[in-house]
Amino acid sequence: MTGWSRRNAPGVAGAVIVAAMAVLAVVGPPIWGDEAVRIDAAAILQGASPGHPLGTDNLGRDLLARVLVAGRYSLLLALAATAIGAVAGIVLGTLPSVLPRRAARLATGTVNALVAFPGLLLAMFTAVVTGLGARGAVLGIGAAIAPGFARLTQTLAATVANADYVSAARMLGVPRRRILTRHVLPNIAEPLILNLTQALGGALLGLAGMSFLGLGVQPPDFDWGRLLFDGFPRIYVTPEVALGPAAAVALAGIGFNLLGDALARAAARTSVVRERTPAPPVADGAGEPDPGAVLEVRDLTVTFPGGVTPVRQLSLTVAPGEIVGLVGESGSGKSLTAAAIGGLVPYPGTVTYAALRLGGRDVATLSDKELGTALAMVFQDPLAALNPALKVGGQLAEVAIVHEGADRAEARRRAVDRLGHVHLPEPERRARQHPHELSGGMRQRAVIAMGLMGTPRLIVADEPTTALDVTVQRQILRLLREVVEETGAATLFISHDIAVVGELCDRVVVMYAGRVVEELPAGRLADGAAHPYTKALIASLPDLDTDRSTPLAGIAGTQPAPGQIGLGCAFAPRCPLATARCESERPELVAHGPGQRVACWEVK
Amino acid sequence: MIIKNLSVRFGAFTAVDDVTLEIPDGGVVGLVGESGSGKSSLARAVCGLVPHTGSVEGARRVQMVFQDPYASLNPRMTVGRTIAEGAGPKEVERLLGLVRLPAELAGRYPRELSGGQRQRVAIARALGGNPGLLVADEITSSLDVSVQGAVLNLVRGLRDELGLTMLFISHNLAVVRYVADVVAVMHHGRLVEVGPTEQVVGEPAHEYTRALLAAVPRLRG
Ligand SMILES: Nc1ncnc2c1ncn2[C@@H]1O[C@H](COP(=O)(O)OP(=O)(O)OP(=O)(O)O)[C@@H](O)[C@H]1O
Ligand code: SF4
Ligand SMILES: [Mg+2]
């Protein structure tokens, strides 16, 4: 069994069961409807027989037919109850975010009290008050579901309500109701819908329970619960008459729960770990692997449909123990380059290359496990790399368990050790905390520690310090240096900040509009940069001697979008040295002094 | 406007400790300090986003630009709708131009933008609110140097043309020095030094200010 099918088997089973139930609900009554109500005085209260596999009831009606027919009614009632519960719950849960403060507190208190109240009691109470029968049962189960939904809505809404974009909208004077409908609800819809699936399973079981207690569906109507109720007194004599409906209820309940569970997990996963893109078509001319390079990229191209090509024939190598800085302005394709190396280019992007080798081997031939241990990726947003629901230590341990088959205790010990290694204070205690309990800098350390759970040969760090303050930024950079010196890992350090790159890195690769335009030793940045773009970048960096009375030397114009890059040098429209040739002919990257390569017609 | 005796507490922890700071009309005050020194908490308090004691007097229509461009845009709203929320649909193109983004971007969702592009959208949104005080919390730390220069020029231009009053927060003293008339240095929730920019940068009085000056990345010389 592959990893995928093992992980998704419950979800698939759930989907199959739910689909089968839906089909049954549609075709059941037309096919078996007549048989289910045909009274046969000669066959009263029988047990299982070839003619009646589940026996007959007190009017001689076939129980198998009745179970199959009851599916539609059971499911409809469950749907109605779930709809009532969900609507009531969502309304109740959103009240605190629209009401004035005092009323909001009252609403929150009500929800808390209701959540603490046993659901079954709530359901029975409501059912008795609103009258016996299907209507009462549906209302009762709806009432039992509502508090859970209200609580979930409230928690989700509170999280979103603290997001920066909601603060921004509030400061712009957007009315509360509009904030709710535009900013909060759309962003919490997904988890709510997933919860709905699970609630449906619960409602099905709950309704059966109500009918079983005699509080639900009354004759001559029947659902699974009612059939169970009718068959129950005979359970010692002919158990099959009760087991049939019981099995139907259990199966449907389990199906919905499995499906809801799998959907919820899939949704949580898509935002954290993306599936690897399929092996890219390999262009010819791959050549022999470079023995001195841990990472070797040649002619890497990333394309999106519609002629959008954000990365164009990019080549670079990183040697063991070397930190190579990849700089370039926003949108130049740095992150997509990193994503392509890790096999993480989002759908529908396609990746092609002449060579993309990690430790001499084509990354497409590496298994997930091999790639997972050889490559450590650190992103700008440490929260995206950590699952908010799991403790930090457990997440780190998971890496060793999944990739190296380490046992749980050993993996945990290593996790704490690695956390200490990245200078996280009190690693034992931090390992038991959730990501949100750590500061931004600590989280980034945890992510780096996660990368160190294996023995990475390559570290790809995409803007790892951009979201951090200067002092923490320095600590993280020092940590990266330390890790590189200790493990001899090759590092690709991506940043838009050429000053940081100049300080940290050994070599600098400058990107513009998806291509490398210059490559040079970091020490030569200050006075050896040759490409007009690199020079302009350095000139636009303010320092403590910059003249405050004149505008900063920026670069006029904007980088062309990845879909609008012409034939010539992409920098031509902004370049002070551009000639007619630059517009029509693209300069190749050629050697320019030791360790330096430049793509520009005007650099001789 | 003036911030008087402002404190922000989270439980037992005091993030901002009795800060008093004047931001003159049409002036730009730069706030520098290390991680956790309370800069962002002070900014959020001024914007009324966190509970605080003390007062903020004379600030109308405060808008804020946030540090993290990944969290500051609604993932389910297009760029155009985001900007139009404060400024109205007619202003979208002009505001995008101000932050040097092509008008075509109006139809895109944040996930289709690079990090730097997102931050520029957030700046355009705040400018659309016609702010009496603009609080900019590390707005250039995720921008490219080339764009950073343009944004800093823009910030100065807005101050000169519109008389925009600003609280400009950054960890980079070189950046703050370029836009601010007055620099305030924050350390452990307190202001340790406040003064005219050239004075603070040229003759730092506090030891911590000197440490910050040493942390400015340098390429030239
Ligand atoms: N999923 C996608 N679909 C279409 N275009 C995309 C997608 N992801 C990125 N792009 C485009 O590809 C280009 C390069 O994006 P990338 O994220 O690699 O830039 P970057 O150099 O990392 O920028 P930044 O410094 O802002 O992070 C941008 O123009 C971006 O809009
Ligand atoms: S090739 Fe021409 S346009 Fe391109 S950078 Fe060189 S001089 Fe400028
Ligand atoms: Mg990026």
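What 222 nm value per residue comes from the helices of chain A, counting each DSSP H run with n ≥ 4 as -39,500 (n - 2.57) and dividing by all residues, nearest 500 deg cm²/dmol? Kindly include the intermediate steps, with their values, before the conclusion.
On the way: 21 runs with 309 residues, N = 604.
Helices in chain A give a 222 nm mean residue ellipticity of -16500 deg cm²/dmol.
Could you calculate the contour length gain from residue A:91 to residue A:550, that is, 0.36 nm times the residue separation minus the distance between their Cα atoms, to one decimal place in nm? Don't skip to the answer; put the middle values down first.
Details: separation 459, 0.36 × 459 = 165.24 nm, distance 5.63 nm.
Stretched fully, the residue A:91-residue A:550 segment lengthens by 159.6 nm.
For chain B, with every protein chain kept in place, what is the accessible area per residue (1.4 Å probe, Å²)?
Values: 8330 Å² over 221 residues.
Computed with neighbouring chains in place, this is 38 Å² per residue.
Using a 1.4 Å probe on the protein chains only, how many percent of the accessible area of chain B belongs to carbon and sulfur? Numbers along the way, then the final one.
Values: 4050 of 8330 Å².
It is 49 percent, rounded to a whole number.
Can you tell me the FRET efficiency between residue A:177 and residue A:19 if r is taken as the Cβ-Cβ distance and R0 is 35 Å, rounded to the nearest 0.05?
Working: r = 39 Å, r/R0 = 1.11.
The formula returns an efficiency of 0.35 here.
Computed on alpha carbon atoms, what radius of gyration and Dmax characterise the stretch A:2-268, expressed in Å?
Reported Rg and Dmax, both Å: 21.9, 78.
Carbon and sulfur atoms: what percent of the 1.4 Å accessible area of chain A do they account for?
Details: 16660 of 26820 Å².
Reported share for carbon and sulfur atoms: 62 percent.
Restricting things to alpha carbons, tell me how big the stretch A:141-270 is in terms of Rg and Dmax, in Å.
Final numbers for Rg and Dmax: 20.8, 72 Å.
List every residue whose amide H lies under 5 Å from the amide H of residue A:311, counting only residues 5 or more places away in sequence or on a different chain, with H placed 1.01 Å from N in the peptide plane.
Here A:302 satisfy the definition.
Ignoring ligands, DNA and RNA and using a 1.4 Å probe, state the total buried accessible area between B and A in Å², rounded to the nearest 100.
Values: alone 10880 and 29420 Å², together 35150 Å².
Using a 1.4 Å probe on protein heavy atoms, the buried area is about 5200 Å².
Within the stretch A:544-563, find all residues whose amide N lies under 19 Å from a label point positioned 7 Å from the Cα of residue B:218 along Cα-to-beta-carbon.
In the stretch A:544-563, the label zone of residue B:218 (backbone N under 19 Å from the point 7 Å along Cα→Cβ) covers A:544-548.
What number results when the radius of gyration of the stretch B:61-131, computed over Cα atoms, is divided by 2.2 N^0.38 Å?
Details: Rg = 10.5 Å, N = 71, 2.2 N^0.38 = 11.1 Å.
Taking the Cα Rg and dividing by 2.2 N^0.38 Å, one obtains 0.95.
Return one number: the angle in degrees, 0 to 90 and rounded to the nearest 10, between the long axis of the Cα atoms of helix A:392-404 and the longest principal axis of the Cα atoms of chain A.
It is inclined by approximately 80 degrees.
List, in order, the whole-Hz ³J(HN,Hα) value for each residue of the stretch B:171-186 obtained from phi through the Karplus relation with A = 6.51, B = -1.76, C = 1.60 and θ = phi - 60°; use x for Gly and Pro.
Listing the rounded values in order: 8, 9, 4, 5, 5, 4, 4, 6, 9, 9, 8, 10, 10, 10, 9, 10 Hz.
How far apart, in nanometres, would the label points at residue B:20 and residue A:135 be if each is projected 7 angstrom from Cα along the Cα-to-Cβ direction?
7.0 nm
Based on C-alpha coordinates, I'd like the Rg and Dmax of the stretch A:173-245, in Å.
20.7, 71
Run a plain Debye calculation on chain B (Cα atoms as equal point scatterers, no solvent) and give log10 I(q)/I(0) at q = 0.15 Å⁻¹, rounded to two decimals, same order as the q list.
-0.98
Please list, ordered by chain and number, the residues whose modelled amide H lies under 5 Å from the amide H of residue B:192; skip anything fewer than 5 residues away on the same chain.
Those qualifying (amide H under 5 Å, at least 5 residues apart or on another chain) are B:185, B:186, B:187.
Between residue A:428 and residue B:10, take the C-beta separation as r, use R0 = 25 Å, and let me know the FRET efficiency to the nearest 0.05. Please list the in-between numbers first.
Values: r = 24 Å, r/R0 = 0.97.
According to the calculation, E is roughly 0.55.
Given H placed 1.01 Å from N in the peptide plane, which residues other than close sequence neighbours of residue A:511 have an amide H under 5 Å from its amide H?
A:327, A:328, A:517
Give the whole-number value, in cubic angstrom per residue, of the convex hull volume spanned by the C-alpha atoms of the stretch B:121-221. Write down the numbers at each step before the final one.
Working: hull volume 12.2 nm³, N = 101.
Hull volume normalised by residue count: 121 Å³.
Which entries of A:369/A:391; A:334/A:604; B:4/B:90; A:334/A:535 have Cα-Cα distances beyond 29 Å here?
Working: A:369/A:391 22 Å; A:334/A:604 27 Å; B:4/B:90 38 Å; A:334/A:535 19 Å.
The answer is B:4/B:90.
With everything on Cα atoms, drop me the angle between helix A:3-37 and the longest principal axis of chain A, reported from 0 to 90° to the nearest 10.
The angle comes out near 30 degrees.
What distance in nm separates the simple spin-label points at residue A:98 and residue B:111, each placed 7 Å from Cα in the Cβ direction?
2.7 nm
Could you calculate the contour length gain from residue A:485 to residue A:155, that is, 0.36 nm times the residue separation minus the distance between their Cα atoms, to one decimal place in nm? Present the calculation step by step, with values, prior to reporting the outcome.
Numbers: separation 330, 0.36 × 330 = 118.80 nm, distance 4.44 nm.
In short, 114.4 nm is gained.
Using a 7 Å offset from the Cα along the Cα-to-Cβ direction at both residue B:104 and residue B:190, what is the distance between the two label points in nm, to one decimal?
It is 5.5 nm.
Pop out the ³J(HN,Hα) list for the stretch A:307-313 in order, Karplus 6.51 cos²θ - 1.76 cosθ + 1.60 with θ = phi - 60°, rounded to Hz; leave Gly and Pro as x.
Result, ordered by residue: x, 8, 10, x, 10, 10, 6 Hz.
Just report the Cα centroid separation between the stretch A:12-44 and the stretch B:7-51, whole Å.
The two parts, judged by their Cα centres, are 67 Å apart.
Output wanted: per-residue J couplings in Hz (rounded whole) for the stretch A:553-567, from phi through Karplus 6.51 cos²θ - 1.76 cosθ + 1.60, θ = phi - 60°, x for Gly and Pro.
Karplus values, whole Hz, x for Gly and Pro: 6, x, 10, 5, x, 10, 5, x, 5, x, x, 10, 8, x, 7.
At 1.306 mPa s and 10 °C, plugging the Kirkwood radius over alpha-carbon pairs of the protein assembly as shown into Stokes-Einstein gives what diffusion coefficient in µm²/s?
Values: Rh = 30.2 Å.
The diffusion coefficient I find is 53 µm²/s.
With a bin width of 5 angstrom, please list the P(r) values of the stretch A:478-604 as percents of all Cα-Cα pairs, from the 0 bin to the one holding the largest distance.
Spelled out bin by bin, the stretch A:478-604 gives 2, 9, 18, 20, 19, 15, 9, 5, 2, 0, 0 percent.
Comparing the chain by itself with all protein chains present, which residues of the stretch B:44-62 are at least 10 Å² less accessible (probe 1.4 Å)?
Output list: B:44, B:47, B:49, B:62.
With a 1.4 Å probe on protein heavy atoms only, tell me which residues of the stretch B:158-176 lose at least 40 Å² of accessible surface in the complex relative to the chain by itself.
B:171, B:174
If I stretch the segment between residue A:76 and residue A:38 completely, what's the gain in nm (0.36 nm per residue apart, minus their alpha carbon distance), one decimal?
Values: separation 38, 0.36 × 38 = 13.68 nm, distance 2.32 nm.
Full extension of this stretch gives 11.4 nm more.
Using a 1.4 Å probe, what is the accessible area per residue for chain A, in Å²? Mind dumping the intermediate values first?
Numbers: 26820 Å² over 604 residues.
Ligands and nucleic acids excluded, the result is 44 Å² per residue.
If I take R0 = 25 Å and measure r between the Cβ atoms of residue A:591 and residue A:365 in this structure, what FRET efficiency does the formula 1/(1 + (r/R0)^6) give, to the nearest 0.05?
On the way: r = 31 Å, r/R0 = 1.26.
So, using R0 = 25 Å, E works out to roughly 0.20.
State log₁₀ I(q)/I(0) for the stretch A:126-208 at q = 0.16 Å⁻¹ as given by the Debye formula over alpha-carbon point scatterers of equal weight, solvent excluded.
Values returned for q = 0.16 Å⁻¹ are -0.70.
Where does helix A:101-116 land angle-wise versus the long Cα axis of chain A, in degrees 0 to 90, nearest 10?
Taking the Cα atoms of chain A, the angle to A:101-116 is about 60 degrees.
The values are calculated or read from the model by the stated rules, or taken from the named source; none is laboratory data. Quick caveat: nothing in here was measured; it's all calculated off a predicted structure. When we count neighbours, we look across all protein chains shown, and the Cβ atoms used for this are built from the backbone with ideal geometry, even at glycine. Quick note on the areas: whole protein, heavy atoms, side chains included, nothing else; ligands and nucleic acids left out. Shrake-Rupley method; radii C 1.70, N 1.55, O 1.52, S 1.80 Å.
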